[in-house]
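Everything on this sheet refers to the single structure shown next.
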Amino acid sequence: MNKEIETKAINSIRILSADGIQKANSGHPGLPLGAAPMAYTLWAKHLHFHPEHPEWDNRDRFVLSAGHGSMMLYSLLHLFSFGLSKEDLMQFRQLGSLTPGHPEYGHTKGIDATTGPLGAGLAMAVGMAMAESHLAAEFNKEDLKLVDHRTYALCGDGCLMEGISSEALSLAGTLKLDKLTILYDSNKISIEGNTDIAFTENVEQRMQAFGFKTLTVEDGNDIEAISKAIETAKEDCSAPYFITIKTQIGYGVPKKMGSASAHGEPLGEENIKEMRKFLNWEEEEPFLVPKEVYAHYDALVEEKKTSYSAWEALRAKYEKAYPECYAKYCAYHNPGSAASLLQEEKLWTAVEKPEATRSSSGEVIQILKDLVPNLFGGSADLAPSNKTEMKGEGFYSPENPLGKNIHFGVRELAMAGIANGI
């Protein structure tokens, strides 16, 4: 790969992000400037997707847990041809735009999760990885792997300070979710200053205690080292991976690099001029990306389409070889109708005497498990008490990913976020 064009491709993410935030006079430029190389490396070299089919079942999932860095994600979606125009980037944080302050699933194509509250994205990523392993166990055949995708999340220091992330990642390690990879944008800066004022633990050792394998990339601009770390995670089926990538917040802005002021406020016109000079970016006009950079991204998109085509061919073979399983797979992916479920007579059978609502709920769950084939869930270490166990469906675990009941343990915050991901 041409290093010069890759450098320009990475800097285009930085430039578009900084210009969008400056035009809005609002936003968080620090993360996009520091994390652009890891985001580019993941999307260009590892992430499987097709921009014309953003809801493709077997695409890899990407969750920007540090959702305040949304302008980086919008720049990626623009450059990778998901339909976000330059004009959309220019409407960042404006009412009714496709580029709101934080990513919103269902509002903008290519967004896999709504993120904003720090750490919640990590919980959703855990849920996505759980769903993948459960579906794979249900539908994959020895000769045809219909479900075979990975989940990636990008987080920052703030995400890891939040309790929900510890709950979720603890469960991920316990469940050995080997197709989950976390990229940690480690810049040691928060809005109030250096993270040492409030956050001094050894994060990698904490992740190891949770059951993750950990890797560290010392230079956040070293895309070869970043790519190698991601590849290592992909090749290891024994555990989820947590990759610490050391970055400089606000990279490229001489007066802001490594400072708290780079985190959550526009850079200012003068600093953006200095940034262009530092990055050897010749275009002075805001939002202007050279044609050769767009051509580079277009070539990457064409490469991405091959994985989709290969899966479509596999899907057709699966449908022909296993028609009943394929019909069930389609049923699993059909959102269904809650209103139609209300017509089920069993749900309205009168009881002879009053009963606790938890008992009624338990009876309803036993009826629903037969009506909704993909019902999958549990409660926070309370199944015997609140009657949430689906009888005869087994418990989800590394040894039994087919199980439909989940032991969440006492992780009540993460439980909701994980359910969103599922």
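If you take the residues in region 26-55 that are over 23 Å from Asn271 (Cβ atoms) and in a helix (DSSP H, G or I), which one is most open to solvent (accessible area, probe 1.4 Å)? Full working, then the answer.
Our first condition is that a residue be over 23 Å from Asn271 (Cβ atoms); within region 26-55, this holds for 41-55.
Keeping just the survivors that are in a helix (DSSP H, G or I) gives 41-45.
Numbers: Thr41: 0, Leu42: 1, Trp43: 7, Ala44: 10, Lys45: 77 Å².
Per the stated criteria, the residue is Lys45.
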### Task
Tell me, yes or no, whether region 168-177 has at least one residue that is assigned to a loop (DSSP other than H, G, I, E, B), outside the structural domain of Ala416 (by the TED database) and over 20 Å from the mean Cα position of the chain (by Cα).
no
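Can you tell me how many residues in region 292-306 are of a type outside the set (Lys, Arg) and touching a Pro at 6+ places or on another chain (Cβ under 8 Å)? Spell out the reasoning first.
As a first pass, look at region 292-306 and keep what is of a type outside the set (Lys, Arg): 292-303, 306.
Next, only the ones that are touching a Pro at 6+ places or on another chain (Cβ under 8 Å) stay: 301.
Within region 292-306, residues that are of a type outside the set (Lys, Arg) and touching a Pro at 6+ places or on another chain (Cβ under 8 Å) number 1.
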### Task
Would you check if Lys23 is among the charged types (D, E, K, R), more than 27 Å from Asp148 (Cβ to Cβ) and surrounded by fewer than 24 Cβ atoms within 10 Å (Cβ to Cβ)?
yes
#### Entry: Members of region 253-278 that are closer than 15 Å to Gln22 by Cβ and assigned to a helix (DSSP H, G or I)
Ser261, Ala262, Glu269, Glu270, Asn271, Ile272, Lys273, Glu274, Met275, Arg276
### Query
Does Arg411 fit the bill of being in contact with a Ser or Thr (Cβ under 9 Å, 6 or more places away or on another chain), free of Cβ contacts under 8 Å to residues at least 60 places away in the same chain and of a type outside the set (S, T, N, Q)?
no
### Query
Only one residue in Glu224, Glu265, Glu302, Glu282 is open to solvent by 80 Å² or more (accessible area, probe 1.4 Å) and at pLDDT below 95, so which one is that?
Glu265
### Subset tally (residues that are open to solvent by 20 Å² or more (accessible area, probe 1.4 Å) and within 15 Å of Tyr184 (Cα to Cα)) for region 118-169
6
#### Entry: Filtered residue count, region 198-218, keeping only those that are in contact (Cβ under 8 Å) with a residue 24 or more places away in the chain and more than 22 Å from Thr232 (Cβ to Cβ)
2
### Query
All but one of (1) surrounded by 15 or more Cβ atoms within 10 Å (Cβ to Cβ); (2) closer than 22 Å to Glu138 by Cα hold for Cys330; which doesn't?
(1)
### Message
On the basis of being open to solvent by 30 Å² or more (accessible area, probe 1.4 Å), touching a residue at least 40 places away in the same chain (Cβ under 8 Å) and assigned to a loop (DSSP other than H, G, I, E, B), does His68 make the cut?
### Response
no
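So in region 198-213, with the set limited to residues that are under 23 Å from Asp148 (Cα atoms) and not small (Gly, Ala, Ser), which one is least open to solvent (accessible area, probe 1.4 Å)?
Residues of region 198-213 under 23 Å from Asp148 (Cα atoms): 211-213.
If we keep only those that are not small (Gly, Ala, Ser) as well, we get 212-213.
On the way: Phe212: 8, Lys213: 81 Å².
Residue satisfying both the conditions and the ranking: Phe212.
Does Thr99 fit the bill of being of a type in the set (Val, Ile, Thr), in the same structural domain as Ser26 (by the TED database), modelled with pLDDT of 95 or more and under 17 Å from the mean Cα position of the chain (by Cα)?
On the way: of a type in the set (Val, Ile, Thr): yes; in the same structural domain as Ser26 (by the TED database): yes; modelled with pLDDT of 95 or more: yes; under 17 Å from the mean Cα position of the chain (by Cα): no.
Spelling it out, it is not the case that Thr99 is of a type in the set (Val, Ile, Thr), in the same structural domain as Ser26 (by the TED database), modelled with pLDDT of 95 or more and under 17 Å from the mean Cα position of the chain (by Cα).
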### Message
List the residue pairs whose Cβ atoms are under 9 Å apart, where the first residue sits in region 155-182 and is without any contact (Cβ under 8 Å) to a residue 24 or more places away in the chain and more than 24 Å from Pro32 (Cβ to Cβ), the second is part of a loop (DSSP other than H, G, I, E, B) and among the acidic types (Asp, Glu), and the two are 6 or more positions apart or on different chains.
### Response
none
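Determine, yes or no, whether Thr195 is touching a residue at least 12 places away in the same chain (Cβ under 8 Å), among the polar types (S, T, N, Q) and open to solvent by 70 Å² or more (accessible area, probe 1.4 Å). Talk me through it step by step, then tell me what you get.
Numbers: touching a residue at least 12 places away in the same chain (Cβ under 8 Å): yes; among the polar types (S, T, N, Q): yes; open to solvent by 70 Å² or more (accessible area, probe 1.4 Å): no.
Criteria not met by Thr195.
The values are calculated or read from the model by the stated rules, or taken from the named source; none is laboratory data. No experiment lies behind these values; they were computed from the predicted model shown. Using ideal geometry, Cβ is built from the backbone for each residue, glycine included, and neighbour counts are taken over all protein chains shown. We work out accessible area using only protein heavy atoms, side chains counted, and drop any ligands, DNA or RNA first. Shrake-Rupley method; radii C 1.70, N 1.55, O 1.52, S 1.80 Å.
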